[in-house]
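Each reported figure results from applying straightforward, stated rules to the coordinates on display, with no laboratory input. Because the structure is predicted, anything quoted here is derived from the model rather than measured. Cβ placement follows ideal geometry from the backbone for every residue including glycine, while neighbour counts extend to all protein chains displayed.
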Amino acid sequence: MKFVMETVELSKKFGELTAVDGISTTLEEGHIVGLIGPNGAGKSTFLNSMAGLFPPTSGKVFFEGKECTGFTPQRMCHLGLARTFQIPQPFPKMTALETVLVATLFGRHGHARENPVEYAKSLLDFVEFPLPPKTACENLNTVQLKRLDLARALGSNPKMLFLDELAAGLTESEILDMIVLTRKIRDRGITILMVEHIMKLIITVCEYLIVIQFGRKISEGRTEKVAQDPVVLEAYLGTAKKKEPEGPAPAGPEAPGSAPAASNAAEPKPAGLGGGDGHVS
Ligand SMILES: Nc1ncnc2c1ncn2[C@@H]1O[C@H](COP(=O)(O)OP(=O)(O)OP(=O)(O)O)[C@@H](O)[C@H]1O
Ligand SMILES: [Mg+2]
């Protein structure tokens, strides 16, 4: 068993707000791990603290056993960590091809390609980017940008990939494509940590789950076990052991791509964990 990444008591505060509160976990090589929790739980902040976007307030981060706490995103990238963003961050004046080339040329050391342009094009094909490679980023819609973001992340030749709500806003058939694509990425030898609200995707592709609420880890382990954990059901349903109320059914699943709440104290929405096509947040 080899851990690609590990955190020890990792915390991140924004002023008085503790967005990530002492999370210790390990990410084992070859796994697809889901990071879930209600809106504002601290999922993106946890990724950002590991990836170097925000230096953690306390705690430690390790990459392949070596401490990398507080490393810049560039150093983390050169170690072998790539990520996509919840809101894609394109270079508007560059083309899709140039965007991937930036990663291919300046990503992880030792990643010398004989023909970087052809390699970048092959990654656009791999993620099924639907437009010509020379399309300007400023002309792409959100879903196209997300596919490009994925190609860019892969271009840096990562060992570990963080996906932050990559499937938000996708149609049903695009979600199925994303399930296949995520597995294909893992089959390239890349370990994946994915934040996602779309339970169908999480339950189908993730062998392991980490669940956080109010910045704290409340459960982790194999997906089938965590999905039945009363603590997790309580966090999502608020009524894990309570009798179903009479009257109208609770509100349906959240629409794909709906805006996340801004507060850490956001109430979980009434949706079932692993409930078919449901989104939970
Ligand atoms: N840069 C920041 N400055 C101040 N507060 C922040 C910042 N980023 C996040 N927060 C706060 O930290 C808490 C956790 O936010 P975070 O975005 O990590 O949650 P999340 O689990 O990713 O939520 P969502 O599912 O809505 O994306 C929230 O209360 C949020 O408002
Ligand atoms: Mg987030």
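With a sphere of radius 12 Å drawn around the Cβ of Arg147, what net charge do the other residues whose Cβ falls strictly inside it have (Lys, Arg +1; Asp, Glu -1)?
Working: positive: Lys146, Arg152; negative: Asp125, Glu128, Asp149, Glu174, Asp177.
Around Arg147, the surrounding residues sum to -3.
Between rounded, prolate and oblate, where does segment 56-201 land on the alpha carbon gyration tensor, with a ≥ b ≥ c its root eigenvalues, rounded for a/c under 1.5, else prolate if a/b exceeds b/c?
In terms of gyration-tensor shape, oblate.
Net charge near Ile218, counting Lys/Arg +1 and Asp/Glu -1 over other residues with Cβ under 10 Å of its Cβ?
Net of charged neighbours comes to -1.
Which order do the peptides 160-172, 142-154, 15-27 come out in when sorted by mean C-beta neighbours inside 10 angstrom, highest first? Could you put the intermediate results ahead of the total?
Values: 160-172: 21.2, 142-154: 23.2, 15-27: 17.4.
Taking the mean over residues of other Cβ atoms within 10 Å, the ranking is 142-154, 160-172, 15-27.
With the dipole of segment 91-156 worked out from charges on the C-beta (+1 for Lys and Arg, -1 for Asp and Glu) around the Cα centre, which of Val143, Leu124, Phe91 lies farthest toward the positive end?
Phe91
How far is it, in nm, from the label point at Glu16 to the one at Asp177 when both lie 7 Å from their Cα along the line to the Cβ?
Calculated label separation equals 4.7 nm.
At 20 °C and 1.002 mPa s, grab the translational diffusion coefficient of segment 60-99 from Stokes-Einstein with a Kirkwood Rh over Cα pairs, rounded to a whole number in µm² per second.
176
Work out how much length Lys134 to Lys66 would gain on full extension: take 0.36 nm times their residue separation and subtract the Cα-Cα distance, in nm to one decimal. Write out the running numbers ahead of the final one.
Values: separation 68, 0.36 × 68 = 24.48 nm, distance 3.91 nm.
Full extension from Lys134 to Lys66 adds 20.6 nm.
Once R0 is set to 22 Å, what does the formula 1/(1 + (r/R0)^6) return for the Cβ-Cβ distance between Val8 and Glu29, expressed as a FRET efficiency to the nearest 0.05?
On the way: r = 18 Å, r/R0 = 0.83.
Rounded to the nearest 0.05, the efficiency is 0.75.
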